[in-house]
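*Asks:* First the structure, then my questions, so here it is.
The values are calculated or read from the model by the stated rules, or taken from the named source; none is laboratory data. Quick caveat, the model's predicted, so the values are computed rather than measured. Positions of Cβ are backbone-derived with ideal geometry, glycine not excepted, and every protein chain shown enters the neighbour counts. Just the protein is used for accessible areas: all its heavy atoms, side chains included, with ligands, DNA and RNA removed. Shrake-Rupley method; radii C 1.70, N 1.55, O 1.52, S 1.80 Å.
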Amino acid sequence: SPAMAEYRSLLEELAQNITAEDLEQLKSACREDIPSGEGDAIATGQHWFAFLERHSKLDRDNLSYIEHIFEISRRPDLLTKVVQYRTQVLKISEEDEVDTKLTRIPSAKKYKGETPPPKRG
């Protein structure tokens with residue numbers, strides 16, 4: 001399907017920007033989520049994505065996990081590509097995502113204007 005093709009080409013593009021060094025960093029970033037010995041055998045970006053798919057951490061319409069990994073691995077370049085794909089291809093905006101993210105972070109509630117500002121005087 002066209003959607004699948006878009007997704008595959010996204011992964012392809014990301015994989016081309018992942019060096020062996022990057023890969024070590026990305027793999028270690030997801031070790032705590034996927035305590036699996038097969039991680040050591042992963043040699044390429046494509047490999048890594050396939051590994052994440054097998055462990056249900058990655059799917060055509062489920063990119064939040066790799067966004068998280070790119071974020072903590074300080075790869076804004078890769079993160080940007082994923083976010084672009086998400087907003088343009090999947091049409092999932094930042095707002096939709098933010099809602100799900102914020103429910104997990106109580107302190108973030110204040111950014112959504114749920115608490116009235118303190119009254120002066």
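*Asks:* For the subset of segment 64-85 comprising residues that are in contact (Cβ under 8 Å) with a residue 12 or more places away in the chain and among the charged types (D, E, K, R), which member is most open to solvent (accessible area, probe 1.4 Å)?
*Replies:* 77
*Asks:* Would you call residue 33 in contact (Cβ under 8 Å) with a residue 12 or more places away in the chain, among the acidic types (Asp, Glu) and within 18 Å of residue 17 (Cβ to Cβ)?
*Replies:* It is false that residue 33 is in contact (Cβ under 8 Å) with a residue 12 or more places away in the chain, among the acidic types (Asp, Glu) and within 18 Å of residue 17 (Cβ to Cβ).
*Asks:* For segment 5-28, enumerate the residues that are open to solvent by 70 Å² or more (accessible area, probe 1.4 Å) and closer than 19 Å to residue 59 by Cα.
*Replies:* 6, 8, 12, 13, 16
*Asks:* I've got another one for you. So, of the residues in segment 29-63 that are in contact with a His (Cβ under 9 Å, 6 or more places away or on another chain) and open to solvent by 50 Å² or more (accessible area, probe 1.4 Å), which turns out to be nearest to residue 15 (Cα to Cα)?
*Replies:* 41
*Asks:* I need the full set of residues from segment 81-101 which are at pLDDT 85 or above and under 15 Å from residue 11 (Cβ atoms), in order please.
*Replies:* 81, 82, 83, 84, 85, 86
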